[in-house]
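The values are calculated or read from the model by the stated rules, or taken from the named source; none is laboratory data. From a predicted model like this one, the values you see are computed outputs, not experimental measurements. So basically every Cβ, Gly included, is an ideal-geometry build from the backbone, and we count neighbours across all protein chains shown. These area figures cover heavy atoms from the full protein model, side chains too; ligands, DNA and RNA do not enter into them. Shrake-Rupley method; radii C 1.70, N 1.55, O 1.52, S 1.80 Å.
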Amino acid sequence: MARILFTSGPTRQYLDPVRYLTNASSGRMGLALVEAALAAGHEAVVVSGPVEITYPTAARVIPVLTTDEMLAAARDEFPHCDGLIGVAAPCDYKPTKVEDHKIAKTGEPLTLQLIETPDIVATLGNERLQQGSPQWVVGFALETDDRHFRAVTKLQKKSCDLIVLNGPEAMNSLTNDVEILDRTGAVVAKFQGSKGDVAQGIFGEIQARLIRTR
Ligand code: C5P
């Protein structure tokens, strides 16, 4: 039995107390993967951004809002886990300044300055490599063009063992159509159908390639 860390759902980066930037993500793919892991007898720790879905009570859920909070919680939990499934869609940018009060309209254009947020999968993926840890990392990539090339580049940059490639039609949808690529860039599996069925397929590959061999 493995203890698996999941990052799931979107994160929010506030501009002021009421407005925020986010990514389109329902958390449904994360939920389906958590269910597949629990059904296979594993333990699930889920660091999740704000979602409307409900995770199974058997999972330990750590709710977060921002990408930095998601990173901090994931970093706390990862040392106690065997692997990470990074299925979240963290917001990649945050404003350099968060206003304390609601920004009032002036009739003039408003310029925001944004900086990149940390990449959670890349941080944990690279840290475990540096530590020579046997932990495994699975990332996701949502690509529209040059899909295989971009997904493998991401896998390498984020030091993942496998990357799950899906298209933009996956967002807020009940179905998905994915390919799984390994470190050599080979497509090792393809699954399509409901997110539940696709999650079972993806989890089966993770189990066979990363969990069973440890
Ligand atoms: O670079 P991109 O966002 O397309 O990469 C997708 C993968 O990276 C997903 O596994 C996602 O969970 C992860 N990610 C992350 N932290 C970010 C952005 C993406 O962990 N700030």
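Points to keep in mind about this one:
- Temperature 20 °C, viscosity 1.002 mPa s: under these conditions the Stokes-Einstein estimate for region 162-214, based on its Kirkwood radius over C-alpha pairs, is 187 µm² per second.
- Per residue, the accessible area of region 24-70 comes to 42 Å² when a 1.4 Å probe rolls over the protein heavy atoms.
- Only protein heavy atoms count here; under a 1.4 Å probe, E69 has an accessible surface of about 90 Å².
- Across T96, T11, T57, T123, the residue with the most accessible area heads the list, and the full order at a 1.4 Å probe is T57, T96, T123, T11.
- Protein accessible area in region 130-191, 1.4 Å probe - carbon and sulfur %: 51
- In the chain, a dipole from Cβ-located charges (positive for Lys and Arg, negative for Asp and Glu) runs towards its positive end, and of H101, L124, V61 it is L124 whose Cα lies farthest in that direction.
- Of all lysines in the structure, those lying under 21 Å Cα to Cα from K158, and not within fewer than 8 positions of it along the same chain, are K94.
- The amide H of T66, built 1.01 Å from its N in the peptide plane, has R12 as neighbours under 5 Å, considering only residues 5 or more places off or on other chains.
- Every Cα-Cα pair of the chain was included, and the share exceeding 28 Å stands at 26 percent.
- Ranking of F149, F191, F78 by solvent-accessible surface, largest first: F149, F191, F78 (1.4 Å probe, protein heavy atoms only, all chains present).
- Result for the chain in a Gaussian network model with C-alpha springs under 10 Å: among V51, V98, V198, the largest mean-square fluctuation is at V98.
- Tilt relative to the chain, helix 67-77 - C-alpha long axis, 0 to 90 degrees, to 10: 40
- Mean accessible surface per residue for region 89-189, computed with a 1.4 Å probe while every protein chain stays in place, in Å²: 59
- Relative counts (whole %) of C-alpha pair distances in region 1-89, using bins that are 5 Å wide: 3, 16, 28, 24, 16, 8, 3, 2, 0
- Residues H148, H80, ordered by accessible area of protein heavy atoms at a 1.4 angstrom probe radius and largest first, appear as H80, H148.
- Convex hull of region 65-175 built on C-alpha atoms - directionally averaged projected area, nm²: 9.9
- DSSP-assigned coil residues among trypsin sites (Lys or Arg not before Pro) in region 159-202, each with at most 13 further Cβ atoms within 10 Å: R183
- Averaging the Cα positions of each part gives two centres, and for region 112-130 and region 17-54 these lie 19 Å apart.
- The protection proxy used here, the mean number of other Cβ atoms lying within 10 Å of each residue, ranks peptides 102-110, 127-135, 202-210 as follows, highest first: 202-210, 127-135, 102-110.
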